[in-house]
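S.K.: Quick one: this structure, given as structure tokens, is what I'll be asking you about.
Values in this text are rule-based calculations from the coordinates and carry no lab data. Treat the numbers as computed from the prediction; the structure is a model and nothing was measured. Quick reminder, even Gly has a Cβ in these numbers, built from the backbone with ideal geometry, and neighbours come from all protein chains shown.
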Amino acid sequence: MKSLKQIWLKFAGTRVGQSIFRVGLPESNLGRMQAMVSSFLLHLHPAKVHRHSLQFSSTLGLGLISLYLFLILCITGVALMFFYVPHPDHAYDNMKDIEFVVSAGMIARNMHRWSAHLMVLCVFLHMCRVFYTGGYKPPREFNWIVGVGLFVMTLVLSFTGYLLPWDQLAFWAITVGTNIAGYAPVVGKKIQFLLLGGNIVGESSLLRFYVLHVILLPAAAVFLIALHLWRVRKDGGLSRPDEPDVLVQQVETGQLATSKTYGLMELARGTSPAVGLKPEDEVPAWPHLVFRELLLFLATMVVVMFLSVFWNAPLEALANPAHPPNPAKAPWYFLGLQELTAYSAFWGGVAVPALLLVALVALPYLDRKRAGVGVWFARERRVAVTLFTICVVAAVILTVIGTYFRGPNWGWVWPWAASAVIPH
Amino acid sequence: MDSLKKFYPWFALLGLAVGGLVLAGYYKDEFREWKRWQRDYNAQELSRAATPEQKEAARALAVELKQIVLPGLQRVDRCTTCHLAVEDPGYAGYKQPLAYHPNHAQHPFEKFGCTICHQGQGRATEREAAHGRVAHWEHPMLAMKYIEASCAKCHAATDVPRSPLLARGRALFDEQGCIGCHKLGGFGGNLGPELDKVGAKRSPEWLAKHFKSPEELVTGSSMPPLKRSDADVEALTLFMLGQTGEQLTEYYVSMKSIPGPELGQRLFAQKGCIGCHSVGGKGGKVGPPLDDVTKRRAADWIVKHFRDPASVSPETVMPKYNFTEPEIRALAAFLGSLTGADVSAFMKIPSQASPIERGRAVYLKFGCGGCHGADGEGGVPNRNAKAHQQIPALTAANDVADVFLESFITEGIPDPAKLDPNGPKPPIYMPAFGDKISEGELADLISYLRSLQPAPNGKP
């Protein structure tokens, strides 16, 4: 370990090393902050970070894990693009080739698949975390909306990728999924047609979903992620409980006179990152934040790699428009909606998703009390927490029912009952 | 802030785990079953090498994926990655995967690959997946007892040498009158589903079971069970398996009929060549006799003549028939086979047969036997039909005037009388054939039906 560090220091000290890293391995707190500010990759971070933000229990690392999964998805996705032609004549064969003859092809596909599912899950859990810790409260209202946008983006990215293998699973999941979109009044059928490039899933749908999946949506997601992270910094770091501001307190109790001109600079109220931050509550981001991020990345990789080595991504039979499976199911994260459409196409396909989206976007402007920020399930927010929990539990229950308890003709089946094999 | 030291064990653990998983992934990717088979083969080659050159060649053998790319058949077959010795007769009798494949002279691997006949998953490189015995692969390898079914993908069922089971299946299909209820190749009835792609959809086990007891597999099926020997059921299953509806490119489709003398003979009869030409002294006198035409003319001349008679004999009155190239080859082969034999041996075309024989042919053509029995004896069950819950025999035609018989055939009986008026509709009814059957065929068919009635003295 020691010698490794020395080699590094030696290299960083050379002309080449200096030209790359600008500063050597930091030894003082000043150097640590310089390191953060002067490095392209690290300057996204603050130079100093609050202790509360570093605690795992504050965030559960869910936002970062989502970002890591997005990076894994980008890298494995580009690798897969080298072997994939978005045409019904080739797509399925390409999947077979990726599985059987492309070096590390199956691992790359597995990583892509499992990361995509995990990302949907993590982004959702991240949203729950932010809600339960009141993270959307002023001044972070807009960043919550960006987050909602990213959640939708994650779902749409996953959904467009679902079609690309061109197997039965893909074909019918997309057929069902776009049918749900078609239930919207007036524009529903138009949207469905626009998405599919036709009335049913076909050649042009595959091309459209491909272009959306590999260019348009990732670019949009990168933009939104950048905006999201930028706003985290500009809104004063991660949300955390209010701390009594010593200076303000002194002014209010009359211990400190405000007639002095320096008071204008010292006593700024509001949300600037400088307000309320006491130096002793912060630590240099290098190494305290960076090292934790590295650990979290390793943990994410362990989970993704473990899943990918031991469980292959599914690939069913070649897509066959003449043979719908019974039941045809949408991707799992839409099965809650599909379950609802079984009761009412309008409610499940239009009203519920639209209302949920509107409610999520409006949430920070409806719930404006500052109380309970940075605290899990704050007592002051009992009503909001209860309402949100009811929605989450309902969504989970509906999704679980749609996934495990629905059989042929959307009839009720017990997951442990042997599935009725339709002979052929 | 506290030291980060408490995280060091986690760092080490997670780092090792990622490293281990990367190695595991690499191992899975790198050490594949087929590489072992290839090393076995290469070692085998080395041990069999006799001369220094052979030894050198054996040592130079790489371990690499092998594949046959078949754009015309829309497939890529990688079977030869493991089955390395299919073309080497020296491996005859070896155990799989190193066995030699006999009889492939007419179906060279580079043109046909493997899966067009054997099925399975050509792109796969792992045993179970390649043999198609995995979930979500719909065409597992065809059992060898059904292998002749694959001949029918390119060849007409009756033309293929060495495929007696396929021919037997085809004959049974005709005899049983399947076409009365099912469409095949666009011709047939509407009571049952079309059969053009049935071989791609159904497994042999399903088909065989379905023939024996249709209702067990398809609830409410009105198809009568096939009361035949197991061998016949297998033959019919095999014929069905060959009906895959696969779209093949021209090279393969041109083999639909093998251009042999048998096909030429059929064409010769169909096209009415005998109207102008004679064979063995029988036939028309407009054109020259054809017994010795292959002695008088070069093969090349005959082929050109079939393509366009005027191109080689400008004065000819023979019209230009639009024969396909395989048809031309078939006709030439037939002419070459003529040795002055009695032309009547192959001139049994329907127009020369008696009305009863022709009517019998019509009976088979429309698959009447599927419901009314191979010889009009009836007996196929039809639940809740007044006629003893079965389809009536046709031996009772004597009581019915021609005009009624005609209307039964052309207009059908869409609503057979019910045994129990409150019960369900009988599942089988007589379809209308009016738009399909020609007047001549109708007359012949009625002659045949009359021939089925018992004679007044009790003898048929």
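S.K.: Would you mind giving the mean number of other chain beta-carbons within 10 Å of the Cβ of each residue in A:304-312, as a whole number? Before the final figure, lay out each step's value.
M.R.: Details: counts 2, 8, 5, 1, 4, 10, 4, 0, 0.
Taking the mean over all residues of the peptide, I get 4.
S.K.: Same structure again: Angle between the Cα long axis of helix B:164-175 and the longest principal axis of chain B, 0 to 90 degrees, nearest 10?
M.R.: Approximately 40 degrees, to the nearest 10.
S.K.: Once the dipole of chain A is set up with Lys and Arg at +1 and Asp and Glu at -1 on Cβ about the Cα centre, which of A:164, A:338, A:46 lies farthest towards its positive end?
M.R.: Among A:164, A:338, A:46, the one farthest towards the positive end of the dipole of chain A is A:46.
S.K.: Here's a follow-up. Of A:234/A:369; B:320/B:365; B:212/B:365; B:153/B:386; B:320/B:436; A:5/A:48, which sit over 32 Å apart, Cα to Cα? Walk me through the intermediate numbers first.
M.R.: Numbers: A:234/A:369 21 Å; B:320/B:365 30 Å; B:212/B:365 24 Å; B:153/B:386 43 Å; B:320/B:436 30 Å; A:5/A:48 24 Å.
Over 32 Å Cα-Cα: B:153/B:386.
S.K.: How large are Rg and Dmax for region B:75-157 when only the alpha carbon atoms are used, in Å?
M.R.: When restricted to the Cα atoms of region B:75-157, Rg and Dmax are 12.8, 37 Å.
S.K.: What ranking, highest mean first, results for peptides B:362-375, B:47-60 when packing means the other Cβ atoms within 10 Å averaged over each residue? Provide the component values of the computation, followed by the final result.
M.R.: Working: B:362-375: 21.1, B:47-60: 11.2.
Put in order of decreasing packing, that is B:362-375, B:47-60.
S.K.: Can you tell me the 0 to 90 degree angle between the C-alpha axis of helix B:261-270 and the longest principal axis of chain B, rounded to 10?
M.R.: Around 40 degrees separate the two axes.
S.K.: Continuing with the same structure: Between residue B:53 and residue A:125, what is the spin-label point distance in nm, taking each point 7 Å from the Cα along the Cα→C-beta axis?
M.R.: 6.7
S.K.: Nearest 0.05, what FRET efficiency do residue A:4 and residue A:377 give at R0 = 35 Å with Cβ-Cβ as r? Write down the numbers at each step before the final one.
M.R.: Details: r = 44 Å, r/R0 = 1.27.
FRET efficiency, residue A:4 to residue A:377: 0.20.
S.K.: Quick one: net charge around residue A:366, please, counting Lys, Arg +1 and Asp, Glu -1 for every other residue with C-beta under 15 Å from its C-beta. Display every interim value, and only then the final one.
M.R.: Details: positive: A:137, A:140, A:368, A:369, A:370, A:381; negative: A:141, A:367.
Its environment carries a net charge of +4.
S.K.: Still on this structure, please answer the following. Averaged over B:9-18, how many beta carbons belonging to a partner chain fall within 10 Å of each residue's beta carbon? Don't jump to the answer; show the numbers that get you there.
M.R.: Values: counts 0, 3, 4, 0, 4, 9, 5, 2, 7, 9.
So the per-residue partner count for this stretch is 4.
S.K.: Still on this structure, I have one more. In terms of the Cα gyration tensor, with a ≥ b ≥ c the square roots of its eigenvalues, is chain B rounded because a/c is under 1.5, prolate because a/b exceeds b/c, or oblate?
M.R.: On the way: a/c = 3.04, a/b = 1.45, b/c = 2.10.
Here chain B falls in the oblate category.
S.K.: For region A:81-173, run through the chymotrypsin sites (Phe, Trp or Tyr not before Pro) and keep only the ones in DSSP coil with at most 13 other Cβ atoms within 10 Å of their Cβ.
M.R.: Numbers: sites: A:82, A:83, A:84, A:92, A:100, A:114, A:124, A:131, A:132, A:136, A:142, A:144, A:151, A:159, A:162, A:166, A:171, A:172; in loops: A:82, A:83, A:84, A:136, A:166.
Sparse-neighbourhood loop chymotrypsin sites (Phe, Trp or Tyr not before Pro): A:82.
S.K.: Could you let me know the centre-to-centre spacing of region B:32-108 and region A:46-117, using Cα atoms, in angstrom?
M.R.: 38
S.K.: Can you tell me the 0 to 90 degree angle between the C-alpha axis of helix A:29-38 and the longest principal axis of chain A, rounded to 10?
M.R.: So the inclination is approximately 40 degrees.
S.K.: Let me ask something additional. Pull out a ≥ b ≥ c, the square roots of the eigenvalues of the alpha-carbon gyration tensor of region A:28-169, then state rounded if a/c is under 1.5, prolate if not and a/b is larger than b/c, and oblate in the remaining case. Don't skip to the answer; put the middle values down first.
M.R.: Working: a/c = 3.01, a/b = 1.79, b/c = 1.68.
Prolate.
S.K.: Using only the Cα atoms of region B:259-345, build the gyration tensor, take square roots of its eigenvalues as a ≥ b ≥ c, and label the shape rounded, prolate or oblate: rounded if a/c is under 1.5, else prolate if a/b is larger than b/c, else oblate. Don't skip to the end; give the middle numbers.
M.R.: Values: a/c = 1.42, a/b = 1.17, b/c = 1.22.
In terms of gyration-tensor shape, rounded.
S.K.: In nm, to one decimal, how far is the modelled label at residue B:88 from the one at residue B:217, with both set 7 Å along Cα→Cβ?
M.R.: It is 4.2 nm.
S.K.: Measuring from label point to label point, each 7 Å out along Cα→Cβ, what is the residue A:365 to residue B:103 span in nm?
M.R.: Simple spin-label model gives 7.9 nm for this pair.
S.K.: So, one more: Take the Cβ-Cβ distance between residue A:223 and residue B:126 as r, set R0 to 30 Å, and report the resulting FRET efficiency rounded to the nearest 0.05. Could the numbers behind the result be given before it?
M.R.: Working: r = 42 Å, r/R0 = 1.40.
My answer for the efficiency is 0.10.
S.K.: Follow-up question, since we're still on this one. In debye, nearest 20, what is the charge dipole magnitude of region B:62-204 about its Cα centre with +1 on Lys and Arg Cβ and -1 on Asp and Glu Cβ, if you could check?
M.R.: About 200 debye.
S.K.: Which lysines does residue B:28 reach when only Cα atoms under 30 Å apart count, and residues fewer than 8 places away in its own chain are ignored?
M.R.: A:96, B:66, B:95
S.K.: Can you list which of the trypsin sites (Lys or Arg not before Pro) found in region B:92-183 are DSSP loop residues with at most 13 other C-beta atoms within 10 Å? Could the numbers behind the result be given before it?
M.R.: Details: sites: B:95, B:111, B:123, B:127, B:133, B:145, B:153, B:162, B:168, B:170, B:183; in loops: B:95, B:123, B:133, B:162.
Loop-located and lightly packed - B:95, B:133, B:162.
S.K.: Run down the aspartates and glutamates and flag those whose C-alpha is under 18 Å from the C-alpha of residue B:271, throwing out any fewer than 8 positions away in its chain.
M.R.: List returned: B:262, B:291, B:308, B:325, B:327.
S.K.: Give the peptides B:445-451, A:32-38, B:237-243, B:138-144 in descending order of average Cβ contacts within 10 Å, highest first.
M.R.: Numbers: B:445-451: 20.4, A:32-38: 18.7, B:237-243: 26.6, B:138-144: 15.7.
In descending order of packing, they fall as B:237-243, B:445-451, A:32-38, B:138-144.
S.K.: Residue by residue through A:293-301, how many Cβ atoms from other chains fall within 10 Å of the Cβ on average? Please list the in-between numbers first.
M.R.: Working: counts 0, 4, 8, 1, 2, 8, 5, 2, 6.
Other-chain Cβ atoms within 10 Å of each residue's Cβ, averaged: 4.
S.K.: Only sites in a loop by DSSP and with at most 10 other Cβ atoms within 10 Å count here; which chymotrypsin sites (Phe, Trp or Tyr not before Pro) in region B:29-128 make the cut? Provide the component values of the computation, followed by the final result.
M.R.: Numbers: sites: B:31, B:34, B:37, B:41, B:91, B:94, B:100, B:109, B:112; in loops: B:31, B:94, B:100.
Taking region B:29-128 and a limit of 10 other Cβ atoms within 10 Å, the loop chymotrypsin sites (Phe, Trp or Tyr not before Pro) found are B:31.
S.K.: Still on this structure, I have one more. Rg and Dmax in Å for the protein assembly as shown, alpha carbons only: what are they?
M.R.: Radius of gyration, then largest Cα-Cα span, for the protein assembly as shown: 39.1, 139 Å.
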